[in-house]
Amino acid sequence: MAKLRVGVVSPEREIWSGEADMVIAKTVDGEIGIMPQHAPVLGVLVEGGVLRVKRGGGEEDLVAAVHGGFISVADNEVSVLAEAAELGSEVDVAAARDALARAQASVEANQDDADAAVEAKRAKARLQAAGEDV
C-alpha cells in the first residue's frame, strides 16, 4: 500500500516528518482524514486542534497539539504548517493543567476575554495530545 509523506513544521522548528498511512486534522470546515491518493486540498487548521498521524506497521500513532496554520495535500504529500505545535510526548502535563485552570478562571471572570479563551483551547489541545482526559 502507498504511504503518505508527512511534514509538520512550525516557525520555531520541524516537529516531525516521515511516512504515514493516514493523517487526521481539525480544520475550520471540520475534521479531515487524509489517506494515500487523496485529492489535493488546502485547509485552515483550528486554534487548539489535535493532529493524529497513523503510521501503521505496529508503530504508535503520532499525536500533536496544533494551534492554527494550514494543511496542504498534493501527490501523497501532506504538509502541516502550524503557527505553533507540540508533540504529545513533549507536553508538560502539570503545566498544561495549570494553564487550563488559569485560562478558565479568567474566562469565568470576564466572558469577553478572547485571549483567555484561546489559551484554554490551546491547553485542552496540549492535554488531549498527551493522552489526558479533559
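The values are calculated or read from the model by the stated rules, or taken from the named source; none is laboratory data. All values reported here derive from a predicted model rather than from experimental measurement. Heads up, the Cβs are rebuilt from the backbone with ideal geometry, glycines too, and the neighbour counts pull from every protein chain shown. In case anyone asks, the SASA skips ligands and DNA or RNA and just uses the protein heavy atoms, side chains included. Shrake-Rupley method; radii C 1.70, N 1.55, O 1.52, S 1.80 Å.
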Checking Leu127 against (1) open to solvent by 50 Å² or more (accessible area, probe 1.4 Å); (2) under 18 Å from the mean Cα position of the chain (by Cα), which test does it fail?
(1)
Looking at region 72-114 only, could you name the residues that are part of a helix (DSSP H, G or I) and not aliphatic (A, V, I, L, M)?
Gly88, Ser89, Glu90, Arg97, Asp98, Arg102, Gln104, Ser106, Glu108
Quick test of your reading of the structure: Glu47 fulfils all but one of (1) open to solvent by less than 80 Å² (accessible area, probe 1.4 Å); (2) acidic (Asp, Glu); (3) part of a strand (DSSP E or B). Name the failing condition by number.
(3)
Every pair of residues 6+ apart whose Cβ atoms lie under 6 Å, when the first sits in region 68-97 and is closer than 15 Å to Ser10 by Cα while the second is charged (D, E, K, R) and modelled with pLDDT under 95:
Gly68/Glu47
How many residues, within region 1-43, are out of contact with any Lys or Arg (no Cβ under 7 Å at 6 or more places or on another chain), more than 11 Å from Lys54 (Cα to Cα) and not small (Gly, Ala, Ser)?
21
Quick one: count up the residues across region 108-134 that are touching a residue at least 12 places away in the same chain (Cβ under 8 Å) and over 30 Å from Arg5 (Cα atoms).
6
What's the number of the condition Met1 fails, among (1) out of contact with any Pro (no Cβ under 9 Å at 6 or more places or on another chain); (2) open to solvent by 100 Å² or more (accessible area, probe 1.4 Å)?
(1)
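Yes/no per residue for (1) closer than 16 Å to Ala125 by Cβ; (2) modelled with pLDDT of 95 or more:
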| position | (1), (2) |
| --- | --- |
| Glu12 | no, no |
| Gly33 | no, yes |
| Gly43 | no, yes |
| Glu77 | no, yes |
| Val93 | yes, yes |
Say whether the condition of being over 12 Å from Val73 (Cα atoms), aliphatic (A, V, I, L, M) and open to solvent by less than 50 Å² (accessible area, probe 1.4 Å) is met by at least one residue in region 26-42.
no
In region 50-71, the residues that are in contact with a Gly (Cβ under 8 Å, 6 or more places away or on another chain) and either part of a loop (DSSP other than H, G, I, E, B) or surrounded by fewer than 17 Cβ atoms within 10 Å (Cβ to Cβ) (or both)
Arg55, Phe70
Some residue of region 88-107 being within 30 Å of Met1 (Cβ to Cβ) and surrounded by 16 or more Cβ atoms within 10 Å (Cβ to Cβ):
yes
